[in-house]
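To start, the structure itself, in structure tokens.
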Amino acid sequence: MKVLYVTGSCLTKNTSANMSHNGYVQGLLENGAEVDIIMAQDSWGEADPAFSQWEKAKYYVYNSVSLKDKIRKTGRKGFQAASVSDTKDAVNNHRNAKKKSINLRSIAKKLFYKLFPNDPLYPLEEKWLKTAARFKSETKYDLVISNSSPAASHKLVSILKKKRAIQYKQWVQIWEDPWFYDLYGGHTEAQKVEEHALLRDADKIYYVSPLTLMYQKKYFADCADKMDFIPLPAFEFASEDSSKWLPGSYGYFGDYYSQTRNLEPFYEAARQKDAEAYIIGDTNLKLETTDKIHVMPRITLDELSKYQEQTHVLVNLCNLKGGQIPGKIYHYSVTRHPILFILDGTEEEKKQIYSYFSKLERYVFCENTVESISEAIETINRNENKEESPAECFYPKNIISQLLKETI
């Protein structure tokens, strides 16, 4: 079985999206596939050893950085996150410095785009689309998988298809998030038209949330019959050693902007219950660090894994609306950590999410209120030394096995 896997990202970079992207590659290899990979070259930063290239896969790497990109990124400096030992003032100083940096970058960015306008549909991937469009293969692939984000992954396959540069039996699009109807909004009608064109071009379409699937079937009804749901394949990036866990500690690891997620009830419940909690991610909220609650900005995944290793309970918070499921729940589910699953959204969305995940008997569910979260914390703390069994259905081999049965 020969498979072409296409993504507009660089698989060797340590990002949350690449956790699942590498999971797909792992699952294909574990199911005996011969895998060719088209991906973007990343000139910024260094590759992470946890995301090294798969020895049994063949890579076709294309430049994604134009001269325009180099000018835009010149002078950018990384932001070093605070550690748990930082004082409250140090954390606030970090935030103020970051805010000033963002304001300056925002002004420079507006000026730059006036001088150097980008592709309105694929502003960050236009260079990669031009260079990767040179790909041509005589291999007859049983399956082509394009994986977003970015959506340019699907666009490239569409280009190669029209040029007859690839031969295949089935083309599967995997959308980790929808494009036009993405939770964060701010998209143009032109993007909706482009998304619709890409969907019509595919043989099979997968979404990683059953609710996203439901909505997308409604929005793009003429493509509904080829749409389906498949979970994200989990990527195991942290070691499992429960002796390192701090009993009764809780970890929320991810961004929590107020327009997408409401983390304040968890913060208040943890404070009232005097729970040790780590909250790490970018936000527009002002949650204060206390003796027990450590609030920090976003950090790299290799740093984050150290906090996950020492945290007892992992926290998954649902979005305020839209049905997109934070990808971290799939990765958390293959660990032995107890998981606090905070439901949010409309009543119907909460019902659908609970219906799917409760079957695994893997989580402690609660509503996103101080009272409900406090009760869940009490329930978990009564069994503070408990370890859970990994949800094997989310292992890459099993996810890809399901996909192959439905497409080949």
Among the residues of the stretch 136-151, how many are polar (S, T, N, Q), in a loop (DSSP other than H, G, I, E, B) and at pLDDT 95 or above?
2
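Condition check ((1) touching a Leu at 6+ places or on another chain (Cβ under 6 Å); (2) open to solvent by 10 Å² or more (accessible area, probe 1.4 Å); (3) not hydrophobic (A, V, I, L, M, F, W, C)) across all residues:
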residue: 134; (1), (2), (3): no, yes, yes
residue: 142; (1), (2), (3): no, yes, yes
residue: 150; (1), (2), (3): no, yes, yes
residue: 164; (1), (2), (3): no, yes, yes
residue: 173; (1), (2), (3): no, no, yes
residue: 176; (1), (2), (3): no, yes, yes
residue: 180; (1), (2), (3): no, yes, no
residue: 186; (1), (2), (3): no, yes, yes
List the pairs whose first member sits in the stretch 260-281 and is assigned to a helix (DSSP H, G or I), whose second member is of a type in the set (Lys, Arg) and open to solvent by 50 Å² or more (accessible area, probe 1.4 Å), and whose Cβ atoms are under 9 Å apart, counting only residues at least 6 apart or on separate chains?
270/292; 271/292
Take the stretch 1-27 and flag every residue that is in a loop (DSSP other than H, G, I, E, B), surrounded by 22 or more Cβ atoms within 10 Å (Cβ to Cβ) and hydroxyl-bearing (Ser, Thr, Tyr).
7, 9
Is one or more of the residues making up the stretch 318-325 within 28 Å of residue 219 (Cα to Cα), part of a loop (DSSP other than H, G, I, E, B) and touching a strand residue (DSSP E or B) at 6+ places or on another chain (Cβ under 6 Å)?
yes
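The values are calculated or read from the model by the stated rules, or taken from the named source; none is laboratory data. Worth saying up front: this structure is predicted, and the values here are computed from it rather than measured. Please note: Cβ atoms are built from the backbone with ideal geometry, for glycine as well, and neighbour counts cover all protein chains shown. Keep in mind that these areas ignore ligands, DNA and RNA; they rest on the heavy atoms of the full protein, side chains included. Shrake-Rupley method; radii C 1.70, N 1.55, O 1.52, S 1.80 Å.
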